[in-house]
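All remarks here apply to the structure that follows.
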Amino acid sequence: MTAEREQVVELLKQAYWMEIETVMSYISNSINPDGVRAQEIRESLQEDIQEELGHAQQFGERIKELYGVVPGSLEFSASQSFLQPPEHQTDIVHVIKGVIEAETGAIEHYNKIVEFCDDKDLVTQDMVITILRDEEGHRRLFEGFLREYKAEGLA
Ligand SMILES: [Fe+2]
Ligand SMILES: [Fe+2]
């Protein structure tokens, strides 16, 4: 395995864990929030769970194609402090901001992979660009939700 390919695999493993943690966070945040206005957010996150899970699977497949091994659960360490359950389950702004932060983290990491793969691994690059577009869509949607709360002085 070339050093460059190993580096791509490491970047993909990090992406894989980000997706897995996002799935965990979106499951909890698609269930916990209370209130009439939380419903839209809950439904949106419910849909995203499947999409993020699909991303994790794609990252896993690509790790294998590059002769890496998809890591086991003991290698996982959490980092989404911003998507922990809020003190009050009606605090929907906390959830919206947390989602925006998670999506931004993914966007930054995936841009890094896209750049790294330039002239090195166009197949990984192509796959990550497609996933990157999904994350940009997710972030844009939640930025729209936040905008509504800001307009009403609630965020
Ligand atoms: Fe994702
Ligand atoms: Fe996403």
Residue 87 being within 23 Å of residue 32 (Cβ to Cβ) and surrounded by 13 or more Cβ atoms within 10 Å (Cβ to Cβ): no
Pair list, Cβ under 6 Å, 6 or more apart: region 40-69 residue more than 16 Å from ligand 1 (Cβ to nearest atom), other residue at pLDDT below 95: 67/1
Pairs, first among the aromatic types (Phe, Trp, Tyr) in region 17-39, second assigned to a helix (DSSP H, G or I), C-beta under 7 Å, six or more apart: 26/45; 26/48; 26/49; 26/52
Boolean, residue 37 is at pLDDT below 95 and not small (Gly, Ala, Ser): yes
Residue 114 of a type in the set (A, V, I, L, M, F, W, C), in a loop (DSSP other than H, G, I, E, B), more than 13 Å from the chain's Cα centre (by Cα) and surrounded by 14 or more Cβ atoms within 10 Å (Cβ to Cβ): no
Residue match in region 79-89 (condition: within 16 Å of ligand 1 (Cβ to nearest atom), small (Gly, Ala, Ser) and assigned to a loop (DSSP other than H, G, I, E, B)): yes
Residue satisfying all of: in region 90-122; free of Cβ contacts under 8 Å to residues at least 24 places away in the same chain and among the hydrophobic types (A, V, I, L, M, F, W, C); nearest to ligand 1 (Cβ to nearest atom) among these: 114
Residues (away from ligand 2 (no atom under 16 Å from the Cβ) and surrounded by 14 or more Cβ atoms within 10 Å (Cβ to Cβ)) located in region 121-144: 121, 124, 125
Matching residues in region 32-76 - criterion: being within 16 Å of ligand 2 (Cβ to nearest atom), loosely packed, with under 14 Cβ neighbours inside 10 Å and under 18 Å from residue 148 (Cα atoms): 43
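The values are calculated or read from the model by the stated rules, or taken from the named source; none is laboratory data. Bear in mind that the values here come from a model prediction, so they are computed numbers and not experimental data. Backbone-built Cβ (ideal geometry, glycine too); neighbour counts: all protein chains shown.
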